Amino acid sequence: MDHKKLNRRDFFRKVALPAAATAATAGFLPATGCGKSGFTKNPDIPNIIFITADNLGWYDLSCYGNKNVKTPGTDRIAAGGVRFTSAFVVSSSCAPSRASFLTGQYPHTHGVTALTHLKKTKALSPFAATLPKLLRDAGYNTAMQGKWHESPYLPTSWYGFNERLSGMMTKDWHIRDIGRAVDFIKRNKSNRFYLQMNFINNHRDPYGEYYYDKDFPVDPTRIKVPPYMAMPDWPEIREDLARYYSQSLRMEKLIGDLLNELEKLGLTDNTLVMFTSDNGPHYPGMISSLYDRGVGVPLIVRWPGKVKPGTSITHMINSIDIMPTLLEAAGVAVHPGVQGKSFLPMLKNPKAPPLHEQIFMEIDEHVYHIPTRVVRTKEWKYIRNYSDTALGLDQNNHMEWAHRMCELPNHPWKRPRQREELYNVGKDPNEQINLAANPNYAGRLEELRKMLDDHMKKTGDLYLGREFAREFNAENYKPIPPGTKYW
């Protein structure tokens, strides 16, 4: 069978789905360890550890100013490297966002525009030129552990990973310890390796709950709901937030353990460590939204000898910039289909000029069909909604406080969306005042409309020119009983 001649539909019917059934029966594919050995002695070519969190907000780390808890693992990376304060994911839904990490492309380009465990045909194509695939082809030994949402039913080896260090079922996505990761590092100490660690701690369980980690208690009476979340500081929210932080602290412990092992093996100086998150927290108006609290993420890079410790950079970065940056650091040519830009010059020289005067973000589906496109500058954000479908409450739908919060003026998560939104994020960082209908800002609105139109035309976004769809259905947003399973 000539796979190159298969279209997307034929591929999934003839190849991908039968393979998925086989892989699901097997649990997960065994480690192959088929990478090269000792492919370079160049000290400027680093090992790479790419760490991703799930649903972690950009101000939820103590190195970003969170006073509720201390986050020693990520703080340690930041103290030894660069912390970006204006980093944004291209989409606030996990599968599209994570596919952009690997491809350096917008979701409407790589095709992952929905949750792939629900819509299998939206999975990332195995023919995509991914970050691990290009590194593997260059000689890196590659492995991943934890969440795999880009194409959860297909083997990770098809996407460039020599080894998969955890099972493919969702229950196996939790990283309980770093033993397998350390074993992989030890086996590849004489080579160069790429290790992707995808933590899922900050994701709610199938019933929409967070739970306390017994080793990391957090007292809900001693914390406050952070201002960036733009939620009321109610006791019920603090209780839920305490559980969220407790899960973060388990991840922080494992990150610290991994950094300790790097030191023991003498690999700290030749290992680039990058940390980020796939989207904002699992709270109303955050995950699945394109407000800053939904798309703003931490982004921290440590590379001893190349990156000045304790540096902070305010220039805007988009998540599609991660892939080309890591490729350039590894001395690997960037694939011509990549739409992001490398920020390696900025890592090496924090005074380097900004990559972007404006960045673009998008979403098609999360729980609901909520097609949205955004352009953001340092001071302004323009949001174009292509449907009036409300964002909804996702896995907060069983919570009484979430529905009560939606009665407040600036929490319209169960109400129809407007066609356009305009925010002065420089003065209104929580995006509370929509200026789209204000005639004083008509010129600014038109300027940003054109920026977005030009971008959509340049990148072949099929939503360009579509009408605003009236699809709102109030029946979709009724509370569900506690204890209901979401997935």
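The values are calculated or read from the model by the stated rules, or taken from the named source; none is laboratory data. Everything numeric here is computed off the predicted structure, so don't read it as measured data. Virtual Cβ from ideal backbone geometry, glycine too; neighbours counted across all protein chains shown. These accessible areas exclude ligands, DNA and RNA; they are computed on the full protein's heavy atoms, side chains included. Shrake-Rupley method; radii C 1.70, N 1.55, O 1.52, S 1.80 Å.
Structure notes:
- Qualifying residue in the stretch 345-354 (condition: closer than 30 Å to Asp137 by Cα, aliphatic (A, V, I, L, M) and touching a helix residue (DSSP H, G or I) at 6+ places or on another chain (Cβ under 8 Å)): yes
- Within the stretch 372-402, the set of residues being in a loop (DSSP other than H, G, I, E, B) and within 22 Å of Glu471 (Cβ to Cβ) comprises Tyr386, Asp388, Thr389, Ala390, Leu391, Gly392, Leu393, Asn397.
- Within the stretch 90-110, considering residues that are touching a strand residue (DSSP E or B) at 6+ places or on another chain (Cβ under 8 Å) and not in a loop (DSSP other than H, G, I, E, B), the one surrounded by the most Cβ atoms within 10 Å (Cβ to Cβ): Pro96
- Being part of a helix (DSSP H, G or I) and either without any contact (Cβ under 8 Å) to a residue 60 or more places away in the chain or open to solvent by 80 Å² or more (accessible area, probe 1.4 Å) (or both) is not true of Lys427.
- Check on Thr113, part of a helix (DSSP H, G or I), more than 25 Å from Thr40 (Cα to Cα) and open to solvent by 10 Å² or more (accessible area, probe 1.4 Å): no
Results for (1) of a type outside the set (A, V, I, L, M); (2) surrounded by fewer than 21 Cβ atoms within 10 Å (Cβ to Cβ); (3) free of Cβ contacts under 8 Å to residues at least 40 places away in the same chain; (4) within 26 Å of Leu267 (Cβ to Cβ), shown as yes or no for each residue.
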{"residue": "Lys120", "(1), (2), (3), (4)": "yes, yes, no, no"}
{"residue": "Pro132", "(1), (2), (3), (4)": "yes, no, no, yes"}
{"residue": "Leu135", "(1), (2), (3), (4)": "no, no, no, yes"}
{"residue": "Tyr153", "(1), (2), (3), (4)": "yes, yes, no, no"}
{"residue": "Asp172", "(1), (2), (3), (4)": "yes, yes, no, no"}
{"residue": "Asn188", "(1), (2), (3), (4)": "yes, no, no, yes"}
{"residue": "Tyr194", "(1), (2), (3), (4)": "yes, no, no, yes"}
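- Top-ranked residue in the stretch 98-121 [being more than 14 Å from the chain's Cα centre (by Cα) and modelled with pLDDT of 95 or more; ranked as nearest to Ile363 (Cα to Cα)]: His108
- Residue ID - nearest to Asn270 (Cα to Cα), chosen from residues in the stretch 303-322 that are touching a helix residue (DSSP H, G or I) at 6+ places or on another chain (Cβ under 9 Å) and either surrounded by 24 or more Cβ atoms within 10 Å (Cβ to Cβ) or of a type in the set (Val, Ile, Thr) (or both): Val307
- Just one of the numbered conditions (1) within 30 Å of Arg204 (Cβ to Cβ); (2) open to solvent by less than 80 Å² (accessible area, probe 1.4 Å); (3) out of contact with any Phe, Trp or Tyr (no Cβ under 8 Å at 6 or more places or on another chain); (4) assigned to a helix (DSSP H, G or I) is not true of Asp453: (1).
- Taken residue by residue, the stretch 233-250 has at least one member that is assigned to a loop (DSSP other than H, G, I, E, B) and at pLDDT 95 or above.
- Pairs meeting the criteria (first residue in the stretch 366-380 and within 14 Å of Phe88 (Cβ to Cβ), second residue assigned to a strand (DSSP E or B) and among the small types (Gly, Ala, Ser), beta carbons under 8 Å, at least 6 apart or on different chains) are Lys378/Ser86.
Here is a yes/no grid of residues against (1) of a type outside the set (Phe, Trp, Tyr); (2) in a strand (DSSP E or B); (3) at pLDDT 95 or above:
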site	(1), (2), (3)
Leu134	yes, no, yes
Asp137	yes, no, yes
Thr142	yes, yes, yes
Gln145	yes, yes, yes
Glu150	yes, no, no
Trp158	no, no, yes
Phe161	no, no, yes
Gly167	yes, no, no
Arg180	yes, no, yes
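- Filter pass, Asp213 being over 22 Å from the mean Cα position of the chain (by Cα), closer than 30 Å to Tyr477 by Cα, charged (D, E, K, R) and surrounded by fewer than 19 Cβ atoms within 10 Å (Cβ to Cβ): no
- Residues being touching a residue at least 60 places away in the same chain (Cβ under 8 Å) and either surrounded by 20 or more Cβ atoms within 10 Å (Cβ to Cβ) or out of contact with any His (no Cβ under 9 Å at 6 or more places or on another chain) (or both) - total across the stretch 351-360: 2
- Residue match in the stretch 323-335 (condition: under 30 Å from Ala230 (Cα atoms) and surrounded by fewer than 24 Cβ atoms within 10 Å (Cβ to Cβ)): no
- Filtering the stretch 74-89 to residues that are among the β-branched types (Val, Ile, Thr) and either open to solvent by less than 10 Å² (accessible area, probe 1.4 Å) or part of a loop (DSSP other than H, G, I, E, B) (or both) leaves Thr74, Ile77, Val82, Val89.
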